[in-house]
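Undergrad: Pasting in a structure now, in structure tokens, and then I'll have a few things to ask.
The values are calculated or read from the model by the stated rules, or taken from the named source; none is laboratory data. Just so it is clear, the model here is predicted, and its values are computed rather than measured. Note that we place each Cβ from the backbone using ideal geometry, even for glycine, and neighbour counts take in every protein chain shown. In case anyone asks, the SASA skips ligands and DNA or RNA and just uses the protein heavy atoms, side chains included. Shrake-Rupley method; radii C 1.70, N 1.55, O 1.52, S 1.80 Å.
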Amino acid sequence: ECYNKAIELDPTNSDLYSQKASVLEDLGKTKEALVFHDIAIELDPTDPDLYFFKGNLLEDLGEKEKAVDCYNKCIEMDPADSKGYFSKG
């Protein structure tokens, strides 16, 4: 409920959508989390972490090829960050 209110007050803040997605993932609502993560990426397509976390969600859903695409995007955007390589491997 708090995230919903925060999003209502600041609907262009990608961090809020990403954080809500994280909470939903923790609650086992991975598909719903993916929806909020997609919104976060739409709002801030330049954040490599968003692609990394989306890749994790897709992997949890068994969508390995789509997950690898996200990890590749993360690596492309920030080649010095190891987490995209690690998850892809």
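Undergrad: Tell me which residues, restricted to segment 53-89, are hydroxyl-bearing (Ser, Thr, Tyr) and closer than 22 Å to Val35 by Cβ.
TA: Hits for segment 53-89 are Tyr71, Ser87.
Undergrad: Mind listing whichever residues of segment 7-43 are open to solvent by 30 Å² or more (accessible area, probe 1.4 Å), farther than 17 Å from Asp60 by Cα and over 11 Å from the mean Cα position of the chain (by Cα)?
TA: Glu8, Leu9, Asp10, Pro11, Thr12, Asn13, Leu43
Undergrad: Something else: Looking at (1) part of a helix (DSSP H, G or I); (2) more than 21 Å from Tyr71 (Cα to Cα); (3) of a type outside the set (Lys, Arg); (4) free of Cβ contacts under 8 Å to residues at least 12 places away in the same chain, find the lone condition where Gly28 falls short.
TA: With respect to (1) part of a helix (DSSP H, G or I); (2) more than 21 Å from Tyr71 (Cα to Cα); (3) of a type outside the set (Lys, Arg); (4) free of Cβ contacts under 8 Å to residues at least 12 places away in the same chain, Gly28 is out only on (1).
Undergrad: If you go through segment 44-89, how many residues are hydrophobic (A, V, I, L, M, F, W, C) and open to solvent by 20 Å² or more (accessible area, probe 1.4 Å)?
TA: Narrowing segment 44-89 to residues hydrophobic (A, V, I, L, M, F, W, C): 50, 52-53, 57-58, 61, 67-68, 70, 74-75, 77, 80, 86.
Filter once more, keeping what is open to solvent by 20 Å² or more (accessible area, probe 1.4 Å): 52-53, 61, 68, 75, 77, 80, 86.
Of the residues in segment 44-89, 8 are hydrophobic (A, V, I, L, M, F, W, C) and open to solvent by 20 Å² or more (accessible area, probe 1.4 Å).
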